[in-house]
Every structure is written in C-alpha cells, then in structure tokens.
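Data first, discussion second: the structure below is written as structure tokens.
Any read-out appearing in this document is the output of simple, stated calculations on the displayed coordinates, not a laboratory observation. Since this is a predicted model, take the numbers as computed values, not measurements. Cβ atoms come from the backbone with ideal geometry, glycine included; neighbour counts cover every protein chain shown.
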Amino acid sequence: MSNRRVRVRFAPSPTGPLHIGGVRTALYNYLFAKQQGGDLILRIEDTDTKRFVPGAEDYILEAFRWLGIRFNEGVGIGGSHAPYRQSERKDIYIMYVKQLLDAGLAYYAFDTPGELEAMRKETPNFQYDASTRGQMRNSLTLPADETRRLTDEEGASYVVRLLVEPGSDVVVNDLIRGEVTFNSSTLDDKALFKSADQLPTYHLANVVDDHLMNITHVIRGEEWLPSAPLHVLLYQSLGWAGDMPRFAHLPLLLKPEGSGKLSKRDADRLGFPVFPLEWKDPATGELSVGYRESGYLPEAVVNFLALLGWNPGDGGEILSADDMAERFDLSHCSKSGARFDYEKGKWFNHQYISRKSDKDLAGIFLPMLSARGIEAEAGYVEKVAGLVKERLSLVNEFWDQADFFFRPPQVYEEKAVRKRWKEDSAATLSDLAEETLSTLPDAFDAKETEEAVMRWIEARGYHMGNLMNALRLALVGDSKGPHIFDITETLGKEETLRRIRRAIDQLK
Ligand code: GLU
C-alpha cells in the first residue's frame with residue numbers, strides 16, 4: 001500500500017453548477033497529486049438520474065479549464081480506466097451486486113414506497129436495519145422460492161441492501177481527523193442498487209470505482225464523513241479491505257458571519273458569487289453570478305480557496321499552484337470549519353491584478369473595450385493598464401477607473417465641480433494651456449511637463465492645489481484617477497489642450 005502510486009479523484013455529481021466548496025475539494029486533490037507526483041482523475045457520478053441536470057458536466061469541465069486545474073485522466077480526457085462516467089459502467093456494478101448477494105452480504109428488499117412510508121409513520125426514527133428488517137418484505141423474511149419468483153418471474157421492483165451487522169466498531173482512518181469510530185448499530189442497510197433503472201446508488205458505485213481505479217486517497221468534503229463507515233463496510237464486504245484508500249474529510253466552508261455552512265442565499269444577500277462561472281438554471285432560467293464574470297483572475301481564486309482550511313504555516317499568502325503543491329500537507333488541514341471571508345478574496349484578486357504585467361492586463365482589457373465599441377491600440381491600453389492596476393480589486397472595475405483615457409469626459413461630475421472649479425479656474429487654466437503646455441515638446445513627457453508647470457506656477461504665483469484640481473476635472477471629469485502628469489502624458493499634448501479648452505468652454 002505505502003509504495004502504491006498516488007491516485008486521487010474528484011467525483012462530482014452533475015446536479016447543477018459546481019459550488020465553490022467543490023472547487024476547493026478538487027483543488028486539494030490537485031495539489032496533493034501534484035506534490036506526490038501522482039494522478040488526478042475526474043469521474044462523473046451520474047447514477048442518480050432524478051437529480052441529473054443537463055449542462056452541468058460541461059459546466060464542470062469549463063470551470064476547471066478556466067481555473068487551470070488539470071486532470072490526468074477522466075471524462076473529457078480519457079485514460080486506461082475509461083469509461084469515467086458512471087452511467088456508462090452499469091455492467092461493472094451489476095457484477096459486484098451479484099457477488100454481494102451470492103455471499104449473503106446483501107439482500108433483496110421488495111418494500112414499496114407506500115409500505116416504507118407507513119413504517120416511517122408507525123415507528124419513530126425508523127431505520128431499515130437489524131432492528132426492523134425482520135418485519136419488512138425482503139429476501140431475509142420471504143421463503144427463497146418466493147424471492148426467486150418475484151425477481152425472476154414477476155419482475156417485481158426491488159432494491160438491493162447491504163446487510164449491516166449491528167454491534168461492531170467501524171473505524172474510518174482519516175488523515176485530518178485521525179481515527180473516527182462509528183458503531184455499526186447506528187448505520188442503516190443502505191440501498192446499493194435499484195432494479196427500476198438497473199443502476200447502483202452513489203455508495204456502491206463510488207466504492208467500486210475507487211477500488212477499480214486504484215484510488216489511494218479519498219479527499220472530499222466533510223458532508224461525506226457520515227457515509228464513510230458504510231464505505232468501509234463495503235470495502236470489507238467486497239474483499240478489498242487490504243487496499244482501502246486513506247480518507248481525508250475537509251472542513252466545511254462557513255458563512256462569512258454567524259454560524260452554519262456557506263450557502264448561495266448568503267452569497268446573494270452579501271453580494272458575492274459561490275460558483276466559479278456564471279450559471280443559468282436550465283429549468284427556471286435563473287442566472288447565478290460567477291467569479292469569472294465578476295472580474296476575478298483564476299490564479300487569485302485558486303490561491304484564495306486553497307487557504308480556506310489549510311495554510312503553509314509560515315505566514316506566506318501569495319502562493320502559486322507550484323508553491324502550494326510543494327508545501328501542501330493534508331495533516332495540517334483544519335478540522336473545524338473555515339470561514340469564508342469574501343473581502344479577503346477581493347484582496348487576493350487585487351494582489352494578483354497588481355502583479356500582472358501591463359501586457360497581460362491589456363489582453364484582458366482590450367476585449368472589454370471592444371465590447372463597448374472602442375478599438376484602442378494595444379500599446380496604449382498597456383500604458384493605461386500600468387497606471388490604473390493598483391486601483392483595481394476586480395478586472396471589471398477597469399472601465400470605471402479608466403474610461404477617460406478612451407473618451408473625453410461625458411459629464412463633469414457635479415460634486416467635483418462644486419468643490420474644485422473656482423471663480424478663477426477658467427482664467428488660470430487658460431493661462432496654463434497657452435503659456436506653458438502648448439509650448440512644450442510633443443512628447444509631453446510626464447516629468448518634463450511637471451517640472452515646467454511647477455516653475456511656471458511659482459513664477460505666476462498661482463495656487464497649485466486649486467490649479468491641479470481644476471486640471472484634473474478638465475481631463476477626467478471627476479476628482480479620480482492616477483497622477484495628473486501621467487494622465488497628460490498618456491492623453492498627449494493635443495488631447496490635453498483640447499480637453500482644457502472644452503472644460504473652460506462648458507464650465508465658465
Ligand atoms: N458524487 C459525490 C459528490 O457529488 C462524491 C463524493 C465523494 O467524493 O466520495 O460530491
């Protein structure tokens with residue numbers, strides 16, 4: 001076992017868009033596989049046909065492409081254990097259902113939904129287990145030939161249940177939580193297979209595939225911990241206890257405030273996404289926001305999520321996937337829930353934006369400009385990117401911060417005008433334009449312009465603050481924006497003069 005090649009899997013059910021908690025689970029599997037030089041497998045667990053949502057699988061694949069989480073095998077990639085979609089593996093599961101039935105470790109149960117409902121009403125906390133199965137309609141209580149008649153001749157509908165013996169300890173060996181012991185008396189005889197669609201339930205398919213795909217570590221969310229003892233029993237019943245995977249149940253993601261787990265409802269209320277990409281519900285048409293469309297960089301999302309429940313212990317925060325893989329350690333993951341701090345997520349995004357090259361940023365901003373019908377030169381957008389990137393938490397804030405580089409002010413913001421446009425602003429700006437700016441060389445270098453303007457202001461005895469505020473208002477239409485002489489250089493001499501004259505004209 002110890003020298004088996006590490007193989008881990010992410011095994012989503014295509015029941016809707018991938019929640020950010022699922023993304024974190026996939027990410028931890030990715031980091032672990034990368035660190036161990038092992039394989040990461042993408043398996044689609046689609047045996048619950050009632051919960052199947054069209055488009056969900058494509059969404060999952062697209063989300064991982066965007067995030068840069070790469071799989072070595074699986075749906076959309078292939079590999080030596082194909083197929084990786086459980087609905088295409090029906091025959092495999094049937095074989096193991098037969099094996100369990102033949103060994104007397106599982107049994108047929110014929111109880112109809114109505115009968116089960118009646119039992120639930122009659123018996124408080126009803127559970128299908130050793131204490132109740134003797135009163136139910138199953139192959140343990142019916143004569144053998146009646147069972148045969150029902151299954152073979154009548155084609156009755158049934159489920160196959162695992163026969164759980166009460167009164168024994170079931171130990172789940174968890175890399176984060178240590179040994180977690182369950183008493184088998186608390187477990188129910190879970191259904192493993194349904195005759196109606198000839199499909200296994202999640203539990204059987206999950207265990208069979210983990211075994212057949214040589215999975216060494218099952219890293220998944222805490223919500224699956226209650227299923228783990230059943231999975232251990234299944235490994236034992238199938239004769240695979242010797243190479244059972246190690247488990248690691250990750251801490252829950254908690255709401256930003258208060259108690260309980262992070263939900264879409266909190267996210268909507270507080271205004272942040274819980275899905276990597278935008279999702280349109282095919283049934284209701286309801287649109288949910290995604291990190292991508294909200295202006296996040298995938299590297300920032302990955303970095304932020306990785307630190308929800310784990311940290312490298314040395315205070316390091318801005319970490320590439322390679323850095324994280326190198327330091328990742330399952331045994332240092334926290335047992336208690338990780339609070340989802342959305343503001344911190346934005347902080348990470350800001351960090352990643354300001355570290356990105358101007359050229360890469362221009363590659364993001366150019367299409368945003370085209371979408372507004374603005375065809376700017378790449379070199380110009382790069383220059384603007386360099387000037388505004390420190391001011392952005394989301395790439396979508398670019399237009400708000402930089403619109404004036406691409407068109408003259410549409411309006412002069414009222415509050416700014418009241419505060420910044422003085423009695424003498426028109427006259428002093430006009431002097432500035434005619435006496436200094438228009439005499440400078442066309443290159444309009446920021447530093448040279450600044451020096452010339454400062455000398456001139458001093459000679460003329462003008463109030464520097466007032467003049468600079470009025471200049472900004474004329475060029476930007478507001479009090480925002482980077483250093484004023486970076487703006488003049490970027491806009492160029494001609495455009496700067498044009499805007500000054502226009503402001504004088506409109507504000508006097
Ligand atoms: N199909 C399960 C899910 O949707 C897989 C849980 C597991 O990883 O075992 O998360």
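Summary table
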quantity: Rounded, prolate or oblate (a/c below 1.5 giving rounded, otherwise prolate when a/b exceeds b/c) for segment 434-508 by Cα gyration tensor; calculated: rounded
quantity: Estimated FRET transfer efficiency (S357, K90; beta-carbon r; R0 56 Å; 0.05); calculated: 0.65
quantity: Gyration tensor verdict on segment 259-367 (Cα atoms; rounded if a/c is under 1.5, prolate if a/b is larger than b/c, oblate otherwise); calculated: oblate
quantity: Over the chain, relative contact order from alpha-carbon pairs under 8 Å, at least 6 apart, %; calculated: 12
quantity: Fully extended contour minus Cα-Cα distance, from K98 to E223, at 0.36 nm per residue; calculated: 42.1 nm
quantity: Ellipticity estimate at 222 nm from DSSP helix runs (n ≥ 4, -39,500 (n - 2.57)) divided over the chain, nearest 500; calculated: -12500 deg cm²/dmol
quantity: Whole-Hz ³J(HN,Hα) from phi, Karplus 6.51 cos²θ - 1.76 cosθ + 1.60, for segment 303-318, glycine and proline x; calculated: 4, 4, 5, 4, 8, 8, x, 8, 8, x, x, 10, x, x, 10, 8
quantity: For segment 191-332: rounded, prolate or oblate by the Cα gyration tensor [a/c cutoff 1.5]; calculated: oblate
quantity: Cα centroid separation - segment 434-508 against segment 308-384, whole Å; calculated: 35
quantity: Gain on full stretching of the segment that runs from A82 to A427 - 0.36 nm per residue minus C-alpha separation; calculated: 116.4 nm
quantity: Dipole magnitude of segment 122-279, debye to nearest 20 (Cβ charges: Lys/Arg +1, Asp/Glu -1, about Cα centre); calculated: 360
quantity: Rounded FRET efficiency, nearest 0.05, which uses the C-beta distance separating R265 from E122 and R0 of 35 Å; calculated: 0.50
quantity: Sorted by Cβ density within 10 Å, fewest first, the residues K415, K190; calculated: K415, K190
quantity: Cα-centre dipole for the chain with unit charges at Cβ (Lys and Arg positive, Asp and Glu negative), debye to 20; calculated: 460
quantity: Charge dipole of the chain about the Cα centre (unit charges at C-beta), most positive-ward option of T15, T47, A306; calculated: A306
quantity: 20 Å Cα-Cα threshold exceeded, pairs from K34/K255; K447/K493; K383/K480; K90/K194; calculated: K34/K255
quantity: For I69, I219, order by how many other beta-carbon atoms lie within 10 Å, fewest first; calculated: I69, I219
